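No lab work stands behind these numbers, since they all come straight from the coordinates. From a predicted model like this one, the values you see are computed outputs, not experimental measurements. Positions of Cβ are backbone-derived with ideal geometry, glycine not excepted, and every protein chain shown enters the neighbour counts.
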Amino acid sequence: MKTIELTKGSGRTKVTLICDRMGTGLVVRIFNEAEHIGAVAVGEYDHAHERASCSLINRLGHKDDVIALPVAHRIARKTKNPVCVIAGVHLDNITPSEISVLTYGYEKLVDEMLGMLEAGVI
């Protein structure tokens, strides 16, 4: 299995992305120091209709669906391959500013990962 591991930020807003290739598909984990399974989204690309579709499982009380679902859709649409995104980011007493920093961080990590995939890194 080939892997990409990327990190952005520091302190409370440090976020990590790990991408593993599984056959033609990808398993992507996005997490912070409180790593956990908060939500799982599976994205699939429909080649006949040229569109991506996703399914989501969100754990009770977790809000990681706001990460997992759009990221899975974006990756499936871009790579035209199946993807499973597991998101688990938690911060006690998170502020709106920290939410913005974390969102920017994981979106940039996805950008970087997609660039590496396009370049054939894995």
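Calculate, for E118 and A48, the FRET efficiency according to 1/(1 + (r/R0)^6) with r their C-beta to C-beta distance and R0 25 Å; round to the nearest 0.05. Intermediate values should be presented prior to the final figure.
Working: r = 23 Å, r/R0 = 0.93.
Once the sixth-power term is evaluated, E becomes 0.60.
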Q) Could you give the angle, 0 to 90 degrees to the nearest 10, between helix 96-118's Cα long axis and the longest principal axis of the Cα atoms of the chain? A) 30 degrees
Q: Starting from the Cα of H90, step 7 Å along the direction of its Cβ; do the same at K63; then give the gap between the two resulting points in nm.
A: 1.4 nm
Q: Work out, step by step, the length gained on full extension between E107 and E33: first 0.36 nm times the residue separation, then minus their alpha carbon distance; give nm to one decimal.
A: 24.9 nm
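Which of the GluC sites (Glu not before Pro) found in the range 21-111 are loop residues per DSSP with 10 or fewer other Cβ atoms within 10 Å of their Cβ?
Numbers: sites: E33, E35, E44, E50, E98, E107; in loops: E33, E35, E50.
Passing sites in the range 21-111 are E50.
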(Q) Based on alpha-carbon atoms only, what is the radius of gyration of the chain relative to the globular estimate 2.2 N^0.38 Å? (A) 1.02
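Work out the length of the dipole vector of the chain about its Cα centre, built from +1 on the beta-carbon of each Lys and Arg and -1 on the beta-carbon of each Asp and Glu, and round it to the nearest 20 debye. Can you show the working numbers first?
Working: 14 positive and 15 negative charges, 25 e Å.
With Lys and Arg at +1 and Asp and Glu at -1, about 120 debye.
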**Q.** Cross-link partners of K8 among aspartates and glutamates (Cα-Cα below 17 Å; sequence separation of 8 or more within a chain)
**A.** E33, E35, E98, E107, D111, E112
**Q.** Residue (of H36, T95, T3) at the positive-pole extreme of the chain, dipole from beta-carbon charges
**A.** T3
